[in-house]
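These notes concern the structure reproduced below.
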Amino acid sequence: MDQPNPMTEESVREIMETAGARVMSRGGRTENYSAPREYSFEVRGVFGNGLMLHVVARQYDYRDPWEASGRVNEVVDVALLRDGSYSEMPKGYAWFQGKDEECGVDEDGLREIVECVKTLNPKLFKLQELTGDL
C-alpha cells in the first residue's frame, strides 16, 4: 500500500527554502476547548516576487500500527497571501481558483504550489484586475 510522504515542519521549510523563500516556522501543542489537541506546525515563506505561502498542519493523523509508527502529517492547508491579504491566483493556474486556501494538500501538491507561486509575476494580478478577470 502506497502511503503519502509524511510532512514535518522541517520538510516543509526545506521545500520552501529550496525554492528561494525566506521562511519562518513554529510548531507545538495547544489546549483547545478544555481538551488537549495536537497542534502540528505552521510555516510561512515569502518569495522574491512578494507573494507569501502560509502552510498549516492543524492536527496529526494517527496511523494503525501495521501502517507506520507515530504521528504523521500527510496533508496540509495552504493559503496564498499578496500584499498582506489572502488572495486567489490569476486565472490559468491549477491552484487557488476562486478561493484563497487549498485544503488537504499532499507533498506533491505542495511542491507544485510552491513552484507556481515562486515563478508567478505579480504584474499578472494587476493585468487581470484591469481586464476584469480577477
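I need the P(r) histogram for region 70-134: all alpha carbon pairs, bin width 5 Å from 0 out to the longest distance, whole percents.
Using 5 Å bins, I get a P(r) of 4, 16, 27, 25, 13, 8, 4, 2, 1, 0, 0 for region 70-134.
Which FRET efficiency value, to the nearest 0.05, do you get for GLN128 and GLU101 by plugging their Cβ-Cβ distance into 1/(1 + (r/R0)^6) with R0 = 25 Å?
FRET efficiency, GLN128 to GLU101: 0.80.
The numbers here are math on the coordinates, done by the rules we state, and not lab data. Here the structure is a predicted model, which is why all the values come from computation and not from measurement. So basically every Cβ, Gly included, is an ideal-geometry build from the backbone, and we count neighbours across all protein chains shown.
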